[in-house]
Amino acid sequence: MRNLNQHTITDAVVARFAGTPDPRLRTLVTALVRHLHDFAREVRLTEGEWAQGIDFLTRVGHITDDKRQEFILLSDTLGLSMLTVAMNQDKPPGCTESTVFGPFHVEDAPRYSQGDDIANGAAGTPCTVRGRIRGLDGTPVAGATIEVWQSDDEGLYDVQRPGLQQAQARGILESDAQGGYHFRSVLAVAYPIPDDGPVGDMLRRTGNHPWRPAHLHFRIAAPGYRTLVTHVFRAGDRYLDSDVVFGVRESLVADWVAQSDGSYLLEFDFVLDREGS
């Protein structure tokens, strides 16, 4: 142990964790050590670069709080979030695809009845959203819990507005006996992720933009079915092919149709995967 060098230190560190009681944790830590060390060797990491990396992660931690999750933004923009989703949410063809959870979900959002306006004062063009929830065999899923959240017309979520005393453009409702759902909100718009922190610095230094295409977030849960976390994206958005968090799937792109009264209509059906399928 006293004569370790750049060629022998990796095996020594792996051996240090060999007695980890939890086998899964042992696998994770061992792989993490090997890949980190291989990365450092591949790029011939300098001490100055190592210090900059530590400073970057420290700033990510400092800016993270109960309103802002910079570590999720970092994971999202490196594609790690979507890779994890893709590996763990493989489903039979025909089921609605999953995508990233995002950093702006809030537990215990207000509950609404069918047809209610969940915008609750959020700025934006009025929009009606409706559709059905069913199983892969076409069975309507009644009583499904539907959580929805989105930004307002300025591209901000309610939790990004200091001092706002009420939830806006988010809510929870249940599907009806036919699996139907129906609510009112505001038109989805493209927006940049928060880029005033270290993740924004990373994007600028690597020549990347911070924009997400217009979308709605959904989390849908029902007994006997796997919980679905997904987005519905607005067709024609300029950022569909360069989403900063790599979340777009073609099957999740839909038309928001302009109505004669100046509002918009989105119709989208969700197909849930059976548990244990």
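Taking amide H positions as modeled 1.01 Å from N, with prolines and chain starts lacking one, the residues under 5 Å from residue 127 and 5 or more places away or on another chain are 185, 186, 187, 264. Accessible surface for residue 42 stands near 150 Å², nearest 10, in the context of the full protein assembly shown (1.4 Å probe).
Taken about its Cα centre, the stretch 69-156 carries a charge dipole of about 460 debye when Lys and Arg each add +1 at the Cβ and Asp and Glu each add -1 at the Cβ.
For the stretch 79-128, the square roots of the Cα gyration tensor eigenvalues, ordered a ≥ b ≥ c, give a/c of at least 1.5 with a/b greater than b/c, which places it in the prolate category.
Of all DSSP beta bridges confined to the chain, the antiparallel ones make up roughly 75%. Volume per residue for the stretch 232-277 equals 106 cubic angstrom (convex hull of Cα atoms). Projecting the Cα atoms of 94, 82, 118 onto the charge dipole of the chain (Cβ charges, centred on the Cα centre) puts 82 farthest toward the positive pole.
So, by mean Cβ neighbours within 10 angstrom, what's the order for 215-227, 78-90, 130-142 with the highest one leading?
Ranking the peptides 215-227, 78-90, 130-142 by packing returns 215-227, 130-142, 78-90.
The magnitude of the dipole of the chain, with charges of +1 and -1 set on the Cβ of Lys/Arg and Asp/Glu and taken from the Cα centre, is near 760 debye. Charged side chains reduced to their Cβ positions (Lys and Arg at +1, Asp and Glu at -1) give the stretch 129-277 a dipole of some 180 debye around its Cα centre. Ranked by the mean number of other Cβ atoms within 10 Å of their residues, highest first, the peptides 18-29, 186-197 come out as 186-197, 18-29. Picking from 162, 194, 223, whose Cα lies most toward the positive end of the charge dipole for the stretch 144-249 (charges on Cβ: Lys, Arg +1; Asp, Glu -1)? It is 223, whose Cα lies furthest towards the positive end. Applying the Karplus relation 6.51 cos²θ - 1.76 cosθ + 1.60 with θ = phi - 60° to the stretch 255-269 yields 3J(HN,Hα) values of 8, 8, 9, 5, 9, 5, 8, x, 8, 10, 10, 10, 10, 8, 9 Hz, where x marks Gly and Pro. When DSSP beta bridges are restricted to pairs lying wholly in the stretch 135-277, around 90% turn out antiparallel.
Once the Cβ-Cβ distance of residue 261 and residue 13 is raised to the sixth power relative to R0 = 51 Å, the FRET efficiency obtained is 0.20.
Rounded, prolate or oblate: pick one for the stretch 39-98, where a ≥ b ≥ c are the square roots of the eigenvalues of its C-alpha gyration tensor, a/c under 1.5 means rounded, and failing that, prolate if a/b is larger than b/c, else oblate. Before the final figure, lay out each step's value.
Working: a/c = 5.74, a/b = 1.66, b/c = 3.45.
In terms of gyration-tensor shape, oblate.
The values are calculated or read from the model by the stated rules, or taken from the named source; none is laboratory data. Here the structure is a predicted model, which is why all the values come from computation and not from measurement. Please note: Cβ atoms are built from the backbone with ideal geometry, for glycine as well, and neighbour counts cover all protein chains shown. We work out accessible area using only protein heavy atoms, side chains counted, and drop any ligands, DNA or RNA first. Shrake-Rupley method; radii C 1.70, N 1.55, O 1.52, S 1.80 Å.
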